[in-house]
Structure formats: structure tokens, C-alpha cells
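Input: a single structure, listed below in C-alpha cells.
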Amino acid sequence: MNTFAKIILGAAAIASAAPCFADDTDDSGKRLSFLLTGASFAIPENGWFEMACEDMGAEAINKAVSGEAIYHTARRMHAGTFYTTEELDRTDVLVLGHVHNQNVANEQWLKENWEDYTSIATTTDYAVTYDYVIKRYIADCRALKDNPDSRYYGTPDGKPARIMFCTHWHDSRTTYNPAVRKLAERWGFPLVKFDENIGFSRLDAAAGETQPSIAYAHDSETIGGVKYGWHPLRGSNSYIQRRMAQIFVAAATDYLGLDIPFDYTLAPCSPLVCTGETARMMLTFRGGHYPFAMENDEVTASPYFMEMPDVQSDTEFAVAGITDKDGTAAASGSTSASILVADETIPCSYDSFVHQAEQSKGHADAQTLDLKNGDGWSRRIYITFPIEDIPADAERVGVRLYFESVVPGKLGSENRPLDGIELLELGGNTSTYSANLTWDNHHSHVFEPVATTILTQNMLNSYVGWDVTDFVKAKAAEGATKVTFRVTTPYQWRALSRFTSSESTANPGKGPQMLVALRRDTSGTSPAASLTSLTLSVSGDTLLNPALGTVSIFSAQGATLLRTSAASIDLSALPAGLYIAAAEGASVKFIR
């Protein structure tokens with residue numbers, strides 16, 4: 001490999017408070033639990049709280065209810081229905097995520113003790129009900145010392161009461177955000193400062209300009225005559241939810257002294273590329289630490305894309321170092337990953353998708369291959385490739401699709417994120433498929449897991465691929481002459497992703513491909529180096545292949561008709577029609 005891309009990273013400070021917990025358990029070995037109360041910004045459909053807890057190895061107890069306020073939580077506490085004794089016993093931190101634009105720090109009507117609030121069942125005062133919830137939770141934690149069913153029974157002070165406050169997800173709420181800061185300072189509990197760390201500010205927009213929060217929201221609200229983003233784009237694949245998860249983990253690790261490893265992964269967008277293409281590598285950071293510095297620039301995106309344009313040979317991407325603010329190595333992960341230049345390109349012999357809303361209809365002649373997972377609207381992709389000519393000692397075999405467009409999905413009236421992250425799962429078998437494949441009959445085929453990759457909007461108009469080397473070699477060794485792959489996504493209610501089909505007239509030649517890298521010469525000479533000047537041309541009934549590269553001839557429908565490395569190829573036997581001849585780095589269309 002003679003192409004090398006290097007990256008040097010620096011991480012922001014990682015919390016190093018004196019640990020009161022080890023890893024993801026407390027001192028008794030119990031798994032940590034966070035209990036969240038809130039409204040529409042906190043319900044599970046958002047995802048930030050659940051992702052943050054997962055990153056910490058903790059249990060997420062989410063009691064948020066859309067449209068409610070802190071006084072609803074206070075009323076449930078007053079009635080004894082907010083949490084069970086068992087839930088209270090295992091909760092390590094209560095997270096207050098009610099962020100309505102109210103003055104929660106007003107001390108005018110506050111009482112000394114929670115028992116002194118006699119109208120808690122009817123009041124709608126935010127400062128009063130915040131005060132009640134805090135004092136009642138502290139009292140309930142202390143009372144566990146007298147409960148024989150509690151693991152804190154018989155302790156001097158019961159369970160330690162730990163509470164975290166949250167700001168609004170950005171800084172538009174100029175009443176609530178300053179007030180909750182005063183409240184956190186008054187009580188000495190930590191504040192999750194979403195507004196300071198989300199990556200943008202209301203002050204970034206000049207008078208009359210669109211507020212930056214609009215871009216990250218699916219609706220808007222007007223405060224002081226200015227329109228802001230209201231509810232952030234939801235779902236675990238949304239950038240804004242992942243960012244909020246990072247911010248929460250950073251605050252929680254600092255509060256609890258958790259030691260969350262800072263790590264990363266390197267994964268190619270496609271494990272193989274053709275000569276002259278751009279090789280792209282995804283660098284994905286563990287969610288709990290931010291921001292990352294790259295060449296003195298802050299990086300908020302995860303994954304971050306490393307690129308090497310116009311590759312002519314195998315390319316290795318390496319992470320030279322990720323350090324904390326003091327320059328001490330603080331991360332673990334694969335130090336390098338490679339993308340190989342293909343020696344052979346094999347177009348698919350069949351491609352289609354099935355559509356849950358069109359259960360008896362086939363889509364083998366569609367212009368795109370559609371992928372989605374949602375109630376009543378799921379779509380799954382099927383692609384078949386011949387494998388009989390793939391050498392048993394091939395260095396790497398990959399399958400890739402061209403990502404051409406994305407359409408936002410909906411949950412009721414809510415748009416799903418366009419900047420989200422999808423997980424694409426690839427399964428494989430050796431079954432034969434035809435245009436008769438529909439949603440009604442697709443369940444009759446069994447697929448074994450092969451590989452996964454992730455997809456983001458940043459990958460539009462490029463290839464996304466999977467390494468299928470082991471699977472293809474295993475099936476070939478069993479005597480199979482073809483393999484079929486199925487692409488699915490486990491995420492619900494996400495955008496409709498569309499990939500180019502072999503029948504596409506908009507992107508001819510960019511249908512599903514299998515790329516093969518032949519065995520590499522350990523002396524350092526790559527076989528790809530001799531294939532960089534392939535040319536193909538048609539003269540009369542003859543296809544000229546002077547470089548003797550492996551040529552595939554396929555019909556306009558994607559069917560493979562011939563594969564050969566001959567210098568001249570007789571085309572006279574082909575019936576009338578449109579054809580494409582393709583070799584590594586070269587292709588030509590011709591009509592018979």
C-alpha cells in the first residue's frame with residue numbers, strides 16, 4: 001500500500017472526579033439507574049436520554065409525558081404514584097427535564113418543608129412545584145432507611161439523594177435557562193448545560209436572520225417576537241439527539257466520577273473502490289466525550305469523514321493519536337483501516353426490493369432500490385451476484401450500493417431527521433430470485449447475518465458498502481455459483497433511503513456492484529498498479545480490451561452475459577439491444 005492518510009486528534013477534558021462508582025455499577029455491584037421526568041423534549045421518542053444511559057451502561061427509567069409540566073410530577077409524588085418503592089430504591093439519579101420557559105427560581109412562595117405545601121394537588125406554580133419535587137425526593141430517599149424492603153434499610157441516612165437539572169436544548173428560553181442555573185447553584189446539584197454545548201446560539205443570528213435552531217427542529221415557537229426551533233428532530237439517528245446524549249454523559253460522568261473509556265472506531269464507507277474514486281473512511285467517536293479537536297478545529301460530527309481523492313492504489317487510513325487536553329493518550333480503538341482498489345467489478349445479475357404497502361407487487365424493474373423500516377411502509381432490498389469466477393485466495397470482496405437520494409419519513413405530522421444515522425444490515429443466502437419476489441412471499445427465504453454498516457446524509461451521491469469476503473468464500477467453497485444479499489435497517493420511522501438500481505437511466509452503470517481485490521503481492525507490488533490504464537472500445541462487432549483486464553458485459557437490465565479477459569471479444573452473437581461493458585476503471589456502452 002503506497003497511499004496513506006493520517007489524522008491527529010485531541011479530546012476535550014474527560015471527567016476525573018474522585019470516583020464514587022466504578023464503571024457502570026455502584027459499590028454494591030448494582031447497575032446504575034437514571035430516572036428522568038420531563039415533557040415532550042424528554043420522551044423516549046427523542047432518544048438522547050436512552051442513548052446516554054446506554055453509553056454509560058446504565059438503566060434508563062423514562063417517565064416523561066408529552067404535554068406535561070413539573071407540576072404533574074409533583075401531583076404524582078403527592079399521590080404516591082410517581083415511582084414505586086422498588087423504582088425509588090434502584091434509582092441513583094433523578095433527572096429533572098421539565099424545561100418550560102418559566103421562572104423556576106422564584107422564592108416568593110416557597111416553604112421550608114415539602115409537608116408545608118397544602119395545595120400541591122392543584123397549584124400550577126413552576127417554582128413551587130420544582131421545590132416540592134426536590135424536597136419530596138430527598139425526603140423519600142432518606143425514608144428508605146426505615147423500609148425493610150429497601151437495600152438502604154438500617155443505614156444512618158437512607159439513600160443519597162442525587163439530582164441533575166437540565167437547561168432547554170438551546171438558549172432561546174431566556175426565562176427558564178437563567179432561572180434553572182440559579183436553582184442548581186442554590187441546591188448544589190449539577191446542571192446539564194445543553195444550551196452552552198449544543199454547538200450554536202441564538203446570538204449567532206443577526207437581527208432578521210433565521211435562527212440556527214430552526215435547522216435542527218421539526219417545528220418552531222416564537223419567543224419575544226423571534227422564531228426559534230421548538231422540538232428537536234427526534235430519534236437515535238438524529239445528530240441533535242446524539243449531541244444531547246454526549247452532553248448528558250459528560251455531565252453525569254463528572255457528577256458521579258464514572259470512568260467511561262474514550263474510544264473510537266474506523267470503518268470504510270465502502271471497503272473497496274475503483275481506481276480514480278475517492279476513498280472515504282468513517283471515524284466514529286464514543287458518544288460520551290466532546291468536542292474533538294482536529295488540527296485545532298472543533299469537530300462535533302460523529303462520524304467524521306476522512307477522505308483520499310483520486311486513489312490509484314490501496315489506501316490506509318491511520319489515527320496517529322487521540323489525546324486529552326494534557327497530551328496524555330486517552331483513547332483506544334483500531335489505529336488503522338484500509339480501503340483496497342478493486343481489480344474486478346462484477347455487476348449484479350438481479351436486483352429488486354419489496355414494499356410492505358404494495359404486498360403483491362414486484363419491483364425488479366424499478367429505477368431505484370428502496371429501503372425503509374416503518375409500520376406499514378417497510379422496504380427491503382435484494383441483490384444477486386455470480387461468484388463462480390472469484391478466486392479462492394482473493395484478498396477482499398465487497399458489495400456496494402450507490403446512495404442517490406433520501407426522503408424524510410413521518411411519525412404523525414413530525415418529520416424525521418435528514419441528517420440522521422441509519423444502520424444497514426446485510427444478510428445473505430444462495431437462493432434464486434425473480435421478478436415474482438413480493439412482500440407477500442419474501443418471508444419464505446432465510447438469510448444469515450453477513451455484515452453491517454452505517455449510512456448518513458453525508459454519504460449522498462457516493463457508494464456505501466460491506467465487506468463480504470468470508471461469506472462469499474464460504475459459499476463458493478460449498479459449491480454455490482451465486483449469492484443473494486438482503487439489505488434491511490432495524491430503525492423505525494426513519495427516512496426513505498434510495499439506491500441506484502441496475503435499470504436506472506439517471507445513473508447508468510452505478511447499479512449494485514461486487515468489487516474484488518485479488519491477492520496482494522507481499523513484496524509490495526499491488527496488482528491494482530498494472531490496471532490503472534485500462535481502456536475499452538467497440539469497433540464494429542468487436543470489443544477491444546488491449547490491457548487484458550477482466551471485462552464484464554451485461555444487459556441494460558443488469559444481467560451478466562459474459563466475463564472474459566481476452567484482448568478482442570466477438571459481440572456478433574448478442575441479440576439487438578443496449579449493453580454495457582465494464583472493467584476496473586473503464587466502461588463503455590454500445591448498441592447491437
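The values are calculated or read from the model by the stated rules, or taken from the named source; none is laboratory data. As the structure is a prediction and not an experimental result, all values here were calculated from the model. Backbone-built Cβ (ideal geometry, glycine too); neighbour counts: all protein chains shown. The area values use the complete protein model at the heavy-atom level, side chains included, leaving out ligands, DNA and RNA. Shrake-Rupley method; radii C 1.70, N 1.55, O 1.52, S 1.80 Å.
Just checking, does the range 121-142 include any residue being open to solvent by 70 Å² or more (accessible area, probe 1.4 Å), assigned to a loop (DSSP other than H, G, I, E, B) and under 19 Å from Y83 (Cβ atoms)? No.
Looking only at residues in the range 563-582 that are touching an Asp or Glu at 6+ places or on another chain (Cβ under 8 Å) and not in a loop (DSSP other than H, G, I, E, B), which one is farthest from T505 (Cα to Cα)? That would be D570. Among residues of the range 431-444 being touching a residue at least 24 places away in the same chain (Cβ under 8 Å) and not polar (S, T, N, Q), the one that is farthest from S360 (Cα to Cα) is Y433. Is the range 48-55 home to any residue that is part of a loop (DSSP other than H, G, I, E, B) and over 16 Å from H168 (Cβ atoms)? Within the range 48-55 (the criterion being part of a loop (DSSP other than H, G, I, E, B) and over 16 Å from H168 (Cβ atoms)), the answer is no, since none of the residues qualifies. Identification of strands (runs of 3 or more DSSP E) wholly contained in the range 328-446 with 1 or more residues that are open to solvent by 30 Å² or more (accessible area, probe 1.4 Å), modelled with pLDDT under 95 and at positive phi yields no element. If the condition is being charged (D, E, K, R) and either part of a helix (DSSP H, G or I) or free of Cβ contacts under 8 Å to residues at least 12 places away in the same chain (or both), then the range 83-100 contributes E86, E87, D89, R90.
Among the criteria (1) over 39 Å from the mean Cα position of the chain (by Cα); (2) in contact (Cβ under 8 Å) with a residue 60 or more places away in the chain, the one Y176 does not fulfil is (1).
With respect to F189, is the statement that it is touching a Pro at 6+ places or on another chain (Cβ under 7 Å), over 30 Å from I339 (Cα atoms), surrounded by fewer than 20 Cβ atoms within 10 Å (Cβ to Cβ) and not aliphatic (A, V, I, L, M) true? Considered against the rule, which asks whether it is touching a Pro at 6+ places or on another chain (Cβ under 7 Å), over 30 Å from I339 (Cα atoms), surrounded by fewer than 20 Cβ atoms within 10 Å (Cβ to Cβ) and not aliphatic (A, V, I, L, M), F189 comes out as no. Looking only at residues in the range 154-182 that are charged (D, E, K, R) and open to solvent by 60 Å² or more (accessible area, probe 1.4 Å), the one that is nearest to N197 (Cα to Cα) is R181.
Here A495 meets the list (1) at pLDDT below 95; (2) over 28 Å from the mean Cα position of the chain (by Cα) almost entirely, failing just condition (2). The one condition from (1) more than 25 Å from F471 (Cβ to Cβ); (2) at pLDDT 85 or above; (3) crowded, with 16+ Cβ neighbours inside 10 Å that V538 does not meet is (2).
Taking first residues from the range 122-143 that are more than 12 Å from H78 (Cβ to Cβ) and partners that are among the β-branched types (V, I, T) and buried (at least 22 other Cβ atoms within 10 Å of the Cβ), the Cβ contacts under 7 Å between residues at least 6 apart in sequence or on separate chains come to Y126/I70; Y126/V104; A127/V104; Y130/I70; Y130/V104. Restricting attention to the range 56-82 and to residues that are free of Cβ contacts under 8 Å to residues at least 24 places away in the same chain and part of a helix (DSSP H, G or I), the residue that is least open to solvent (accessible area, probe 1.4 Å) turns out to be H72.
Got at least one residue in the range 88-102 being open to solvent by 40 Å² or more (accessible area, probe 1.4 Å) and polar (S, T, N, Q)? Looking for residues that are open to solvent by 40 Å² or more (accessible area, probe 1.4 Å) and polar (S, T, N, Q), one finds at least one in the range 88-102, hence yes. Those strands (runs of 3 or more DSSP E) of the range 186-284 in which at least 3 residues are over 24 Å from E422 (Cα atoms), considering only elements entirely within it, cover 220-223, 226-229.
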